[in-house]
Amino acid sequence: MAKITFDGIEIEVPDGTTILNAARQIGGAIVPPAMCYYTPLKGSGGKCRACLVKVAAGSAKDPRPMPKLVASCITPVQDGMVVENTTNDSVLDVRKGIVEMLLINHPLDCPVCDQAGECDLQNFAFEHGVSTTRYQEERRTFEKIDIGPLIQLHMTRCILCYRCVYVADQISEGDRIHGVLGRGDAAEIGTYIENIIDNDFSGNVIDVCPVGALTDKTFRFKQRVWFTKPVNAHRDCPKCSGNVVLWYKGNDVLRTTARKDQYGEVKEWICNECRFEKKETSDWTIEGPAHIDRSSVISANHYELPVLNQSVIADLPASTQRELEQNPPLKLGS
Amino acid sequence: MGRKLLTEHINVEGIETLDVYRKHGGYRSVEKALKTMTPDEVVEEVKKSGLRGRGGAGFPTGLKWSFLAKPEGVPRYLVCNADESEPGTFKDRQLMSKLPHLLIEGMITGSYALGANTSYIYIRGELLYVLRILEKAIAEAYAAGFLGKNILGSGYDLDLYVHPGGGAYICGEETALLESLEGKRGNPRNKPPFPAVQGLYARPTVVNNVESIAAVPVIVNEGGDEYAKIGVGKSTGTKLFSACGHLNKPGIYEIELGLPVEEFIYSDEYCGGIWKGRELKAVVAGGSSVPILPKELILKTAAGENRLMTYESLSDGGFVTGTMLGSGGFIAMDETTNIVRNTWNFSRFYHHESCGQCSPCREGTGWLEKVLHRLVHGHGQMQDIDLLVSVAKQIEGNTICPLGEAAAWPVAAAVRHFRDEFEWHVTHPQEATKAGAIFPGKLVTA
């Protein structure tokens, strides 16, 4: 076990835990933002530099500060480490710079982007960015690439977090056929010779994409996410866990995604059949409304767990029951 | 005339062949090390020599070697970084093409010291002709029993391979080099773990520059203490400088560290002064990534002392009034040089070579280049100059690998020392964009 001080808060975590995960155990506003790191994907992290923190003391043995800011998502804790995040102005300044860098070539087409409302970059920029830009040059643009009937790749929005590459390596079956081509600001996600990414778990690249670069073609331009209502549901699926979130508008299921935790990380990967093909309520056992963070724009219309289907509550998977205990539904009339 | 330890026989006819190289004392260090020394003794000699990495960072080589993790039953690797692609630096190319056996000898002795049984030379893809020279030399070394099984009857085995890269500057960064050597995309790795613990194929690995490895035979032959006598302070031994730019005698010079910069530029023994009788304006002392210095600061430190060609003296004054020795790419610029245009040129290189993995470097290098492009072509505004400094600061220190810094330093330094020239480009756009225009408002003809 290692005891660290993060923004003045002491916490004890197992050896080998990264600074970011230690901070997540504390929770709240002190958690550094992460644009590329994704806990379920091995090897991810260290690229976006959004989570840079100051290590004011390296360890109890060697209390010297680290000379540069370190990426908290990949740096393991040491016993006696003192980390400064929100308490250090230089860290916040650098973070502001990172937002600026990520946005200079981003099209900022949020009004027409399907990811708006659940976009990591949008949240990150809202929290840490400034409202104007110093960038006068032309923005880098790419042609949209068609990578099959289900997924749309719009490289112009990409921030090159590499998450989808790791998904293809670690989650999807078969050989990875997409990757990063080119380098520098001309680097792009692509399939080299245009090809269809087609395997049972390819749809997960949509869930891990922090921006609107990879979107669900069955949902594109159908609805703003904050007008849809997320509902937890499950079905018996031979390929995956079958635990999903259905996004309703009225009585129609517009979209199916995997369930995510509060940091936007997928809990259980889902297969393409669940994601793209099962779009009828009758395909699913409805568990009840999915929890949406109060700060999210999706709960802007005060949509937060108002009711629960009592008849299924006993049959719910343990994970959902735990979630319900942590985030109990509001009692009507209270 | 200083001593030449590496390049003493470089002009001997046929020195690239094993026979001639042997006649001039070649492979003595292999015999000495394998027959009379333990690996630790070789490491100790290199430590004593005070040899510092010649690739740019100047980290003590012996110390680097002693950091190598040595778990039982796990192979270790020595990798030679021959991906020399910094603008202004061309010393390794010459060393390898003229003295391939010196590098091979260093690789054998070094691998023995580190206990590596497989070693690699990762060579820049553009240097195909050097690759052929090296491969020929390696074949000769195999035939003569210096490589392969049971070298010189000592029981030590070593296989040496040359691997050409695709010609990416980023693959000169040691972890990107290892990725590339493994057959992957040349993206730098996050550190830790450092290569000394998990390098090539996740095995303990040492990555050294060509010149560092080429110095090992000399150190083993002469002894570390003897080597350390050359030079000043912590800058020991000799160093190759590739001098280029507006000099009378550009070329590669092996100098004893501690030579005054003024003597290096103006002495007939070395660069022979500035061409066409012109004045020196600025110098980039260690390859394009180190900060540029104006004449008055490169010849004398801020304290008024003579600046010497040593790691310490060149970095005297930090980045405010100093620079770095870097990889030894010495670029001299005469009074007709347009510093803004030159900075744009450097910046263009880093923009092109950024791997695009981490956001500050990917976006920042392009931004710098575009702003400089605007300034050079007379579309700049006054606030652009501060913008350059600010963007450079946002990149510096926040990236995965040092390429970010390499891109930011030259821009920040150029603005620091030549701000008036940048301002002139804003205030006099028409004058500044004329062909041959130089600050302040003169025109050069031929």
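The values are calculated or read from the model by the stated rules, or taken from the named source; none is laboratory data. Given the structure is predicted, the values throughout are model-derived calculations rather than measurements. For neighbour counting, all protein chains shown are included, and Cβ atoms are generated from backbone atoms with ideal geometry for every residue, glycine included. Please note that ligands, DNA and RNA were not included when accessible areas were found on the heavy atoms of the full protein model with its side chains. Shrake-Rupley method; radii C 1.70, N 1.55, O 1.52, S 1.80 Å.
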Legend entry - Test for A:A116: is it more than 13 Å from every other protein chain (Cβ to nearest Cβ), over 16 Å from A:A2 (Cβ atoms) and open to solvent by less than 30 Å² (accessible area, probe 1.4 Å): yes
Inset, instruction - Return the residue satisfying two criteria in turn: it lies in region B:329-360 and is away from chain A (no Cβ under 14 Å) and open to solvent by 40 Å² or more (accessible area, probe 1.4 Å), and of such residues it is modelled with the highest pLDDT. - result: B:N345
Inset, instruction - Could you list all residues from region A:209-232 that are among the charged types (D, E, K, R) and modelled with pLDDT of 90 or more? - result: A:D216, A:K217, A:R220, A:K222, A:R224
Inset, instruction - Tell me which of these B:G326 doesn't satisfy, since it passes every other one: (1) surrounded by fewer than 24 Cβ atoms within 10 Å (Cβ to Cβ); (2) within 24 Å of B:Y253 (Cβ to Cβ); (3) touching a residue at least 12 places away in the same chain (Cβ under 8 Å). - result: (1)
Inset, instruction - Would you point out which residue out of A:I206, A:I286, A:I298, A:I292 is at pLDDT 90 or above and either in the same structural domain as A:A29 (by TED's automatic domain parsing) or within 21 Å of the chain's Cα centre (by Cα) (or both)? - result: A:I206
Inset, instruction - Could you please let me know if A:K68 is farther than 30 Å from A:F227 by Cα, basic (K, R), in contact with a helix residue (DSSP H, G or I) (Cβ under 6 Å, 6 or more places away or on another chain) and open to solvent by 30 Å² or more (accessible area, probe 1.4 Å)? - result: no
Legend entry - Index of the failed condition, B:A33 passing every other in (1) open to solvent by less than 80 Å² (accessible area, probe 1.4 Å); (2) outside any helix (DSSP H, G or I): (2)
Legend entry - Tally of residues being open to solvent by 60 Å² or more (accessible area, probe 1.4 Å), closer than 19 Å to A:T215 by Cβ and either touching a helix residue (DSSP H, G or I) at 6+ places or on another chain (Cβ under 7 Å) or within 13 Å of chain B (Cβ to nearest Cβ) (or both) across region A:123-142: 1
Inset, instruction - Inspect all residues belonging to region A:203-211 and state whether any of them is in contact (Cβ under 8 Å) with a residue 12 or more places away in the chain and farther than 27 Å from A:A23 by Cα. - result: yes
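Of everything in region B:411-431, what is under 20 Å from B:G366 (Cα atoms) and in contact with a strand residue (DSSP E or B) (Cβ under 8 Å, 6 or more places away or on another chain)? Give them in sequence order. Quick ask: steps written out before the conclusion?
First, the residues of region B:411-431 that are under 20 Å from B:G366 (Cα atoms): B:411-415, B:422.
Correct list: B:A413, B:A414.
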Inset, instruction - Please go through region A:159-199 and pick out each residue that is on the phi < 0 side of the Ramachandran plot and in contact with a Cys (Cβ under 8 Å, 6 or more places away or on another chain). - result: A:I159, A:C161, A:R163, A:C164, A:H178, A:R183, A:A187, A:E188, A:I189
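So for region B:16-26 (the condition being of a type in the set (G, A, S), surrounded by fewer than 21 Cβ atoms within 10 Å (Cβ to Cβ) and touching a residue at least 40 places away in the same chain (Cβ under 8 Å)), does at least one residue qualify?
yes
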Legend entry - Residues within region B:323-351 that are part of a helix (DSSP H, G or I) and touching a Phe, Trp or Tyr at 6+ places or on another chain (Cβ under 7 Å), tallied: 2
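Given region B:202-274, what helices (runs of 4 or more DSSP H) lie entirely inside it while holding 2 or more residues that are free of Cβ contacts under 8 Å to residues at least 12 places away in the same chain?
Those helices (runs of 4 or more DSSP H) span B:224-229, B:261-266.
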Legend entry - Number of the exception - A:C48 against (1) more than 10 Å from every other protein chain (Cβ to nearest Cβ); (2) in contact (Cβ under 8 Å) with a residue 60 or more places away in the chain; (3) surrounded by 15 or more Cβ atoms within 10 Å (Cβ to Cβ): (1)
Inset, instruction - May I ask you to verify whether A:L20 is at pLDDT 95 or above, closer than 21 Å to A:I159 by Cα and away from chain B (no Cβ under 12 Å)? - result: yes
Inset, instruction - Spot the failing condition for A:E137; the list is (1) in contact (Cβ under 8 Å) with a residue 40 or more places away in the chain; (2) not in a helix (DSSP H, G or I), and only one is missed. - result: (1)
Legend entry - Whichever residue in region A:89-106 is within 14 Å of another protein chain (Cβ to nearest Cβ) and open to solvent by 20 Å² or more (accessible area, probe 1.4 Å) and, among such residues, is nearest to B:E396 (Cα to Cα): A:V94
Inset, instruction - Collect the residues in region B:361-380 that are facing chain A (nearest Cβ under 9 Å) and either more than 18 Å from B:N342 (Cα to Cα) or open to solvent by less than 20 Å² (accessible area, probe 1.4 Å) (or both), keeping them in residue-number order. - result: B:C361, B:R362, B:E363, B:G364, B:T365, B:G366, B:W367, B:V371
Inset, instruction - Pull up region A:76-87, narrow it to residues that are within 14 Å of chain B (Cβ to nearest Cβ) and open to solvent by 20 Å² or more (accessible area, probe 1.4 Å), then point me to the one that is farthest from A:A34 (Cα to Cα). - result: A:Q78
